[in-house]
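Asks: Just passing along the structure, written as structure tokens.
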Amino acid sequence: MSETTGPQADADEGSTAEAEPGNTAEAGQGSTAQSGQGSTADVPLAKGAVSAPGPDGRPRKVSRRFPLFTRDTARPEGGGRAAAGDAPAPARQWPLISVVSLVGLGLLLTAFDVFRVGTLLIGIALIGGAVLRWALPDVGMLAVRSRFTDMVTYGALGLAIALLAMMAQPSPWLVIPFLDDTLHYTI
């Protein structure tokens, strides 16, 4: 059973309203509303979940279920180009390129057995990505999710990597006593 009311409901239920001889007034209202001449019957009404107006200008009744096929996706907030469209690709994506190049340099240093400095650089690069995501309105492909989610993800991962790099054995740069006790009690 449909919950639409107004002209669309009159058109849907018009066959039953016109078939009964006593409903001539209702059939007449539906025809004036459809022709555009009427008083308050011209206002389309819909109950329940309603989406944007259809091609005819009337609200459409929709399902609350997610669609089976995704037709498009929304670009993340701040996902626009970081430079003008006529600029070359590296200039348009400079926030992502700077973070990825610092991570690459950190991985290269880690590969050359400068473990602590390399992993610290990776953590700093991710924290820098969180700061760029917060400070700049458009960061290009550095925007993956919403601004808040990106900042929390980049910041938390960067902080964890930087802290682990400073706490790495032998001779750690940072000593947190309760973590050392927790490690000894769990092993």
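The values are calculated or read from the model by the stated rules, or taken from the named source; none is laboratory data. What you see is a predicted model; the values in this text were computed from it and never measured. With ideal geometry, Cβ positions are generated from the backbone for all residues, glycine too; neighbour counts draw on all protein chains shown. Keep in mind that these areas ignore ligands, DNA and RNA; they rest on the heavy atoms of the full protein, side chains included. Shrake-Rupley method; radii C 1.70, N 1.55, O 1.52, S 1.80 Å.
Asks: Rounded to whole Hz and in sequence order, give me ³J(HN,Hα) for the range 128-144 from the Karplus expression 6.51 cos²θ - 1.76 cosθ + 1.60, θ = phi - 60°, writing x for Gly and Pro.
Replies: Listing the rounded values in order: x, x, 5, 5, 4, 5, 7, 7, 9, x, 10, 10, x, 6, 5, 7, 10 Hz.
Asks: Here's another thing I want to ask about it. Quick check: pseudo-label points 7 Å beyond the Cα along Cα→Cβ at Arg81 and Val144, how many nm apart are they?
Replies: The two pseudo-label positions are separated by 2.4 nm.
Asks: Now for a different question. Using protein chains only and a probe of 1.4 angstrom, how many square angstrom of Arg145 are accessible, to the nearest 10?
Replies: 90
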